[in-house]
1. Checking the structure you have, find out if any residue of segment 99-115 is closer than 30 Å to Leu52 by Cβ and open to solvent by 80 Å² or more (accessible area, probe 1.4 Å).
2. Could you grab me the full set of residues in segment 78-98 that are of a type outside the set (D, E, K, R) and either within 27 Å of the chain's Cα centre (by Cα) or open to solvent by less than 10 Å² (accessible area, probe 1.4 Å) (or both)?
3. Tally up the residues in segment 116-152 that are within 25 Å of the chain's Cα centre (by Cα), open to solvent by 30 Å² or more (accessible area, probe 1.4 Å) and not charged (D, E, K, R), please.
4. Which residue is farthest from the chain's Cα centre (by Cα), if the candidates are limited to segment 190-237 and must be open to solvent by 80 Å² or more (accessible area, probe 1.4 Å) and of a type in the set (Asp, Glu)?
5. Test Ser70 against the criterion of being assigned to a helix (DSSP H, G or I), polar (S, T, N, Q), more than 30 Å from the chain's Cα centre (by Cα) and over 26 Å from Glu131 (Cα atoms), and give yes or no.
6. Six or more apart or on different chains, Cβ atoms under 7 Å: show the pairs whose first residue is in segment 95-110 and at pLDDT below 70 and part of a loop (DSSP other than H, G, I, E, B) and whose second is open to solvent by less than 40 Å² (accessible area, probe 1.4 Å) and of a type in the set (S, T, N, Q).
7. What number of residues within segment 45-77 are among the hydroxyl-bearing types (Ser, Thr, Tyr) and open to solvent by less than 40 Å² (accessible area, probe 1.4 Å)?
8. Consider Ser40 carefully, then state whether it is closer than 25 Å to Gln127 by Cα, modelled with pLDDT of 90 or more and either exposed (fewer than 14 other Cβ atoms within 10 Å of the Cβ) or not charged (D, E, K, R) (or both).
Amino acid sequence: MNPAVEIAQAAPQIDMSFWSLFWHAHIVVKLVMMGLLAASIWCWSIIIDKTLLYRRTRQDMDAFEEVFWSGRSLEELYRDLANRPVNDMAAVFVAAMREWKRSFENGGRSVASLSARIDKVLDVTIQREAERLESKLLVLSTIASAAPFIGLFGTVWGIMNSFTAIAVSKNSSLAVVAPGIAEALFATAIGLFAAIPALMAYNKLQAEVAKAQNRLEAFADEFSAILSRQIDERLAA
């Protein structure tokens, strides 16, 4: 039989499973791994929550635009939406209409500057909606940038302990070195496991926010033009 095969068969079998690598790692490396796993779970909860939120937002915008452009009275639509919680495009509509009605409830004395005030209200409402959609995305960005370095810290710490063990035992065989290095590199793998999905999801979700914001701004411009025409008509009358 080949001597190398005999040596390999005689050598003790080393368990290199993920659980074994975690269980035999240094306490600092274990804390790094658990922290990265918790960060990964947090990332996925945000990704799922935001994906569902943006899908609902698109559906709500589609439904509102269908009603808005159907020729329905603005006053009637405002009455239906004013007394219930609204988001995205409906919130932009309600904010502008509320400012419109307040101005005419005062006897129309402030109609001359109404168009400028409506534009400001629209801008503020869009900004508020964008902030609502963007909430928690910073967590994804932070984890995407920090997780690889945290994993690298665990790797460096694990390798330091491996070399310390080699120095104490005075044995540099692969059987002594491999488990410690594998445990250390496992921390980097977990860091990448947390960072890569977080980075990809952050870019994708930011693009979704930008699309929604552009859509809100386009609607705000169209609605502002409609109200501006009505203001001009009232002033001319």
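1. Step one: filter segment 99-115 for residues closer than 30 Å to Leu52 by Cβ, giving none.
No, the conditions are met nowhere in segment 99-115.
2. The initial filter retains those residues of segment 78-98 that are of a type outside the set (D, E, K, R), namely 78, 81-83, 85-87, 89-97.
Once the filter is applied, which keeps residues that are of a type outside the set (D, E, K, R) and either within 27 Å of the chain's Cα centre (by Cα) or open to solvent by less than 10 Å² (accessible area, probe 1.4 Å) (or both), segment 78-98 yields Pro85, Val86, Asn87, Met89, Ala90, Ala91, Val92, Phe93, Val94, Ala95, Ala96, Met97.
3. 13
4. Glu233
5. Numbers: assigned to a helix (DSSP H, G or I): no; polar (S, T, N, Q): yes; more than 30 Å from the chain's Cα centre (by Cα): yes; over 26 Å from Glu131 (Cα atoms): yes.
So Ser70 does not fit the description; no.
6. Listed pairs, sorted by first residue: Ser110/Ser103.
7. The first filter runs over segment 45-77 and keeps only residues among the hydroxyl-bearing types (Ser, Thr, Tyr), leaving 45, 51, 54, 57, 70, 73.
Filter again for open to solvent by less than 40 Å² (accessible area, probe 1.4 Å), leaving 54, 57.
Final tally of qualifying residues: 2.
8. On the way: closer than 25 Å to Gln127 by Cα: no; modelled with pLDDT of 90 or more: yes; either exposed (fewer than 14 other Cβ atoms within 10 Å of the Cβ) or not charged (D, E, K, R) (or both): yes.
Against the criterion (closer than 25 Å to Gln127 by Cα, modelled with pLDDT of 90 or more and either exposed (fewer than 14 other Cβ atoms within 10 Å of the Cβ) or not charged (D, E, K, R) (or both)), Ser40 does not qualify.
The values are calculated or read from the model by the stated rules, or taken from the named source; none is laboratory data. Treat the numbers as computed from the prediction; the structure is a model and nothing was measured. Please note: Cβ atoms are built from the backbone with ideal geometry, for glycine as well, and neighbour counts cover all protein chains shown. Protein only, heavy atoms only, side chains kept; ligands, DNA and RNA dropped before computing areas. Shrake-Rupley method; radii C 1.70, N 1.55, O 1.52, S 1.80 Å.
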